[in-house]
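What follows is one structure encoded as structure tokens, with my remarks underneath.
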Amino acid sequence: MSDATTSGDMLPGLSKVAERAKRNPTERILALARFIDVPALARSFNRLRKDAAVGVDGVTVEGYGQRLEENLQALHERMKAGQYRHQPIRRVYIPKENGKERPIGVSTVEDKVVQGAIREVLEAVYEQDFLECSKGFRPERSAHDAIRAVDREVRRGSMKFILEADFVSFFDSIVRRMLMEMLRERIADESLLRLVGKCLHVGILEGTEYTEPDLGAAQGSALSPLLGNIYLHHVLDVWFEREVKPRMKGQCVLVRYADDFVLGFERKDDAEQVENALRERVAKYGLTLHAEKTRLFEFRPPKDGGGNKGTVTFDFLGFTLYWQKTRRGSWRMGCKTRRARLRRFVSNVTDWCRRHRHRAVEEQHVTLTRKLKGHFAYYGVSGNLSSLAKVVVETTKAWQKWLNRRSQRARMTWERFEEVLKKYPLPNPRISVQIWG
């Protein structure tokens, strides 16, 4: 589940905004900036990770919190006076599973506080507008819900042909002018819109180089996932629901999690028609589909005699989806950890064991247990036990290998390591998420 504000957490004032937005889906709503008060800023601060990376000013969450009331009061005064300025974001890179790197923008603590407070207000409005096909970075929805939706539609027969699509640098390609126009269709409060604009039009500091891009919403911002959802709500979701579906001869469906999405069709001719229209549609909004990662394919149960697994697979949200035969002999959609994700986890754990091999065994055990449980929480879905078991085996091997190498005199043989595991056992793989309906 995302860290977005759930309906149960919403304050009475924002609940009224949400109710009004739901009753009047075309109304432009005024007087929203007033909800970004000191208590709202405090709530936003309390949602921050305490170990979050620091921005260009070097201030930590802990450091900002030492004079929290004073800092938030001063911030609110600057916002009311129109004197708040978003500082440049610090660009860092994180590795992708294809060997490349993904740029992430790190905002200052104060800017993160503002972003979170803005998001709380915008969410009250847009949660009434978003369609059911959108599962990502929304209250009470998750990636597992997106996988369940795919499974449900596969069983219904509306995903016999699947259009798997991928955007090229989605967040970096958002046309800010178009995004602001979309916001103005629903938001009439210029004070709030100016704040959003300040969060969008920020410089980027990469090392010593400073740039001011004309496009995009920086990944890493607390506001970017919501703004991305608003953009694709207009570009993709509403278009598919209102313009595509009525023209189709058979069933069709869209399942989207942030900028990851799949389209399913009952008929091949419908799928081919939409594939061409989709490229033209997203291009109008500055977006491009990745040529190598966008494909149309048939996804039906294998014919009898084809073994226990289908040969056609596709990847979605870190999982590989495929046809799997049940014990009763019928076919259903299987779900396993994507191979690249599994390799990346094992590689990261191995590297961690190498770098921290001289720590106390008890400390290492605590961290490895936490890493494995975190992995199980996401990948512990129906039918994926073998992938989880492999992760435990590889983690165990890596731990023994680097404990063995930390001393020439006291080797950690497998016999000795088995005694360590008796005292500090690693968690067993566990299925905690049911996917199949």
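List of remarks:
- Filtered residues of the range 231-267 (kept if among the β-branched types (Val, Ile, Thr) and surrounded by fewer than 23 Cβ atoms within 10 Å (Cβ to Cβ)): VAL235, VAL238, VAL244, VAL253
- Apart from one condition, GLU181 fits all of (1) within 27 Å of ALA117 (Cβ to Cβ); (2) surrounded by 18 or more Cβ atoms within 10 Å (Cβ to Cβ); the exception is (2).
- Among (1) more than 30 Å from GLY207 (Cα to Cα); (2) in contact (Cβ under 8 Å) with a residue 60 or more places away in the chain; (3) in contact with a Gly (Cβ under 9 Å, 6 or more places away or on another chain) - the single one ILE36 does not satisfy: (3)
- Exclusive hit being of a type outside the set (A, V, I, L, M) and touching a Cys at 6+ places or on another chain (Cβ under 9 Å), set ASP189, ASP237, ASP214: ASP237
- Across the range 184-223, the number of residues qualifying as among the hydroxyl-bearing types (Ser, Thr, Tyr), assigned to a loop (DSSP other than H, G, I, E, B) and surrounded by fewer than 16 Cβ atoms within 10 Å (Cβ to Cβ) comes to 1.
- Residue within the range 355-378 that is modelled with pLDDT under 95 and either within 30 Å of ASP145 (Cβ to Cβ) or among the charged types (D, E, K, R) (or both) present: no
- Among the residues making up the range 326-342, those that are surrounded by 17 or more Cβ atoms within 10 Å (Cβ to Cβ) and assigned to a helix (DSSP H, G or I) are ARG341, LEU342.
- Scan of the range 37-53 for residues that are basic (Lys, Arg) and either in contact with a Leu (Cβ under 6 Å, 6 or more places away or on another chain) or assigned to a helix (DSSP H, G or I) (or both), ordered by number: ARG43, ARG47
- Filtered residues of the range 140-168 (kept if among the acidic types (Asp, Glu) and either in contact with a helix residue (DSSP H, G or I) (Cβ under 9 Å, 6 or more places away or on another chain) or assigned to a helix (DSSP H, G or I) (or both)): GLU140, ASP145, ASP151, GLU153
- ARG328 satisfies every condition listed in (1) of a type outside the set (A, V, I, L, M); (2) farther than 18 Å from PRO95 by Cα; (3) in contact (Cβ under 8 Å) with a residue 12 or more places away in the chain except (3).
- Of all residues making up the range 383-392, the number that are farther than 16 Å from THR350 by Cβ and modelled with pLDDT of 95 or more: 6
- Residue match in the range 19-42 (condition: among the polar types (S, T, N, Q), in contact with a helix residue (DSSP H, G or I) (Cβ under 9 Å, 6 or more places away or on another chain) and at negative phi): no
- Single unsatisfied condition, ARG186 versus (1) touching a residue at least 24 places away in the same chain (Cβ under 8 Å); (2) within 23 Å of the chain's Cα centre (by Cα); (3) closer than 23 Å to TYR285 by Cβ: (2)
- Residues of the range 52-90 classified as touching a strand residue (DSSP E or B) at 6+ places or on another chain (Cβ under 9 Å) and modelled with pLDDT under 95, total: 2
- Condition met for ASP259 (more than 19 Å from TYR126 (Cβ to Cβ) and either modelled with pLDDT under 95 or of a type outside the set (S, T, N, Q) (or both)): no
- Taking the criterion of being in contact (Cβ under 8 Å) with a residue 12 or more places away in the chain and over 17 Å from LEU223 (Cβ atoms), the residues of the range 42-52 that qualify are ALA42, LYS50.
- Of all residues in the range 221-242, those that are farther than 17 Å from GLY264 by Cβ and among the acidic types (Asp, Glu) total 0.
- Matching option when the condition is part of a helix (DSSP H, G or I) and in contact (Cβ under 8 Å) with a residue 24 or more places away in the chain, among PHE171, PHE130, PHE137: PHE171
Every residue, every condition in (1) basic (Lys, Arg); (2) in contact with an Asp or Glu (Cβ under 6 Å, 6 or more places away or on another chain); (3) farther than 27 Å from LYS80 by Cα, yes or no:
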| residue | (1), (2), (3) |
| --- | --- |
| LEU226 | no, no, no |
| ARG256 | yes, no, yes |
| PHE265 | no, no, yes |
| ALA271 | no, no, yes |
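- Criterion violated by LEU227 - all others in (1) surrounded by 20 or more Cβ atoms within 10 Å (Cβ to Cβ); (2) part of a strand (DSSP E or B); (3) of a type outside the set (Asp, Glu) satisfied: (2)
- Filtered by the rule that a residue be surrounded by fewer than 19 Cβ atoms within 10 Å (Cβ to Cβ), touching a residue at least 60 places away in the same chain (Cβ under 8 Å) and in a loop (DSSP other than H, G, I, E, B), the range 56-108 gives VAL56, GLY82, TYR84, ARG85, GLN87, GLU97, ASN98.
The values are calculated or read from the model by the stated rules, or taken from the named source; none is laboratory data. Owing to the predicted nature of the structure, the values given are computational and were not obtained by experimental measurement. Heads up, the Cβs are rebuilt from the backbone with ideal geometry, glycines too, and the neighbour counts pull from every protein chain shown.
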